[in-house]
Amino acid sequence: MDNRWQVEDWEAMKAKAKLSLALALFLGSLVLMQEVQVGVQTSEHPTLGAYLTDGQGRSLYLYTQDSQNTPTCYDQCAQTWPPLLVKEKAVAGKGVAPNLLGVAKRRDGSLQVTYNGWPLYYFVRDQKPGDVLGQGVGGVWFLVSPKGEALKPSTDQQPAGAQTDALLAQLLNEGQAVYSRICVACHGPEGQGGTGVRLAGNTNLRNARYVAGVIVGGGQIMPSFGSTLSDREIAAVATYVRNSFGNQFGVVTEEDVKAVR
């Protein structure tokens, strides 16, 4: 076997192991938090203002598709957006109105913290206090104000870096859905390849317009999706494969897709 492939496979395995470990540690910390008092407080963002976090400063979100006191994010959704769980009730911290805190029962009987009736969630891609990568994802996930309302700033109020982070988070979320629908059968759930090429650790994905062009026009063994997917869907799935499976190559925009049509 070519040693280069062995090296690439080893690097991909290491990247996958790191991602799995990070997810396990994140979810493990949520379980641990249920054993101690769970606090909800506020933090300050330079452009968004005050928003809810847990006691460690990790951002909390509401899902506009939820009904009041009724969580609807389960299964795959809950892996991306883990609920804030508590054994009995949460403790109000700085800037939080105690009368707005509550709990809602989930399907498995666990208790999810609510605020002003909105079930509260984390975003798994937020890695540290102050991260707000889930803000605005899909137009349905938002940070929560101290009044218990969704924070919905206009795009032009955000600095360029915040806009890029928000766009990346949105495209990753949308792209995962497209990948699961039309790509996973050929490229595998972990991008390991099959009838389609291996995506994990694939350095050819560095070129954004090359990736968009292959999706639009097809390749040697890959069909064209230019007529069946919108510019947004192609940008989303291209961004997803370029930033998953050990890859970290940044956003593919709708403008990139338009340029190769």
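A few remarks follow.
- When the range 57-113 is filtered for residues that are assigned to a loop (DSSP other than H, G, I, E, B), open to solvent by 20 Å² or more (accessible area, probe 1.4 Å) and touching a Cys at 6+ places or on another chain (Cβ under 9 Å), only 65 remains.
- Scope the range 200-216; condition surrounded by fewer than 17 Cβ atoms within 10 Å (Cβ to Cβ) and of a type outside the set (Val, Ile, Thr); matching residues: 204, 206, 207, 209, 210
- Qualifying residue in the range 217-225 (condition: open to solvent by 20 Å² or more (accessible area, probe 1.4 Å), within 25 Å of residue 255 (Cα to Cα), part of a helix (DSSP H, G or I) and in contact with a helix residue (DSSP H, G or I) (Cβ under 8 Å, 6 or more places away or on another chain)): yes
- Residues located in the range 156-191, provided they are part of a helix (DSSP H, G or I), charged (D, E, K, R) and modelled with pLDDT of 70 or more: 165, 174, 181
- Selection within the range 238-250 - farther than 13 Å from residue 210 by Cα and open to solvent by 30 Å² or more (accessible area, probe 1.4 Å): 246, 248
- Flag for residue 235 being in a loop (DSSP other than H, G, I, E, B), buried (at least 21 other Cβ atoms within 10 Å of the Cβ), in contact with a helix residue (DSSP H, G or I) (Cβ under 6 Å, 6 or more places away or on another chain) and at negative phi: no
- Qualifying residue in the range 146-155 (condition: farther than 19 Å from residue 65 by Cβ and at pLDDT 90 or above): yes
- Matching option when the condition is farther than 11 Å from residue 62 by Cβ, of a type in the set (Gly, Ala, Ser) and open to solvent by less than 20 Å² (accessible area, probe 1.4 Å), among 136, 148, 130: 136
- For residue 198, the stated conditions do not hold, so it cannot be described as within 19 Å of the chain's Cα centre (by Cα) and modelled with pLDDT of 90 or more.
- Residue tally, condition modelled with pLDDT of 90 or more, within 16 Å of the chain's Cα centre (by Cα) and aromatic (Phe, Trp, Tyr), over the range 218-253: 1
The values are calculated or read from the model by the stated rules, or taken from the named source; none is laboratory data. It should be emphasised that the depicted structure is a prediction, and the values quoted were computed from it without experimental measurement. Cβ sites come from the backbone with ideal geometry, for glycine too, and all protein chains shown count toward neighbours. Side chains are part of the model used for accessible areas, which takes the heavy atoms of the whole protein and leaves out ligands, DNA and RNA. Shrake-Rupley method; radii C 1.70, N 1.55, O 1.52, S 1.80 Å.
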